[in-house]
Amino acid sequence: MFGLTPFEKKSYDLFNAFHDFEKDFFGGDIPFNSCKTDIVDKGDKFVLEAELPGFDKDDIRLDIDGGFLTLTAEHNTENEEKNADGKYIRRERSYGSYQRSFDISGINADGIDAEYKNGVLTVALPKKVIAQPETKRLEIR
């Protein structure tokens, strides 16, 4: 009886069944992958664009460890309102974090450049220049 919701129309196709499973499994309507990331090949470099709305520039870290670039974004906010007696009438706290690692084995790590503007982190990842094997002709004696 508790699972019945008389005001919600449900269609029992395969997509909605998976959506309901996902909603129940991951705990409601909270997006579990809220950072959208695109990587574009520009020929001589890759450009990574990560949407990080609500984060400040100081909340974002890019770390290189071995052959991996790790993007970490984390922020805390705390709002409180008190009345004249110093008692809370409203207090809210929120925490958000995101972390993702990328393989940069084919990237020139010294040339990586990043910019954060309007909630979008743009990272330029220059490709390593592959040295062409040298060809030469040997003189026959």
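With a 10 Å Cβ neighbour count serving as the proxy for reagent exposure, in which order, fewest first, do Lys36, Lys45 appear?
Working: Lys36 12, Lys45 18.
In order of increasing Cβ crowding within 10 Å: Lys36, Lys45.
Students often get this wrong, so check it: of Lys87/Lys117; Lys36/Lys128; Lys36/Lys57; Lys57/Lys127, which have C-alpha atoms separated by over 28 Å? If you can, show how the numbers build up before the last one.
Working: Lys87/Lys117 39 Å; Lys36/Lys128 26 Å; Lys36/Lys57 17 Å; Lys57/Lys127 25 Å.
Distance filter (> 28 Å) returns Lys87/Lys117.
Take the alpha carbon atoms of the range 86-105, find their center, do the same for the range 62-81, and report the distance between the two centers in whole angstrom.
Taking the Cα centre of the range 62-81 as reference, the centre of the range 86-105 is 9 Å away.
Taking a cut-off of 22 Å, what percent of all Cα-Cα pairs in the range 34-126 are separated by more than that?
That tail contains 40 percent of the Cα-Cα pairs.
If I take every Cα pair under 8 Å that is 6 or more residues apart in the range 34-126, average their sequence separation and divide by the length, what percent do I get for the relative contact order? Display every interim value, and only then the final one.
Values: 166 pairs, mean separation 28.8, N = 93.
Averaging sequence separation for qualifying contacts and normalising by length gives 31 percent for the range 34-126.
Each reported figure results from applying straightforward, stated rules to the coordinates on display, with no laboratory input. Nothing here was measured: the structure is a model prediction, and the numbers come from that model. All Cβ positions, even for glycine, are placed from backbone atoms using ideal geometry, and neighbour counts span all protein chains on display.
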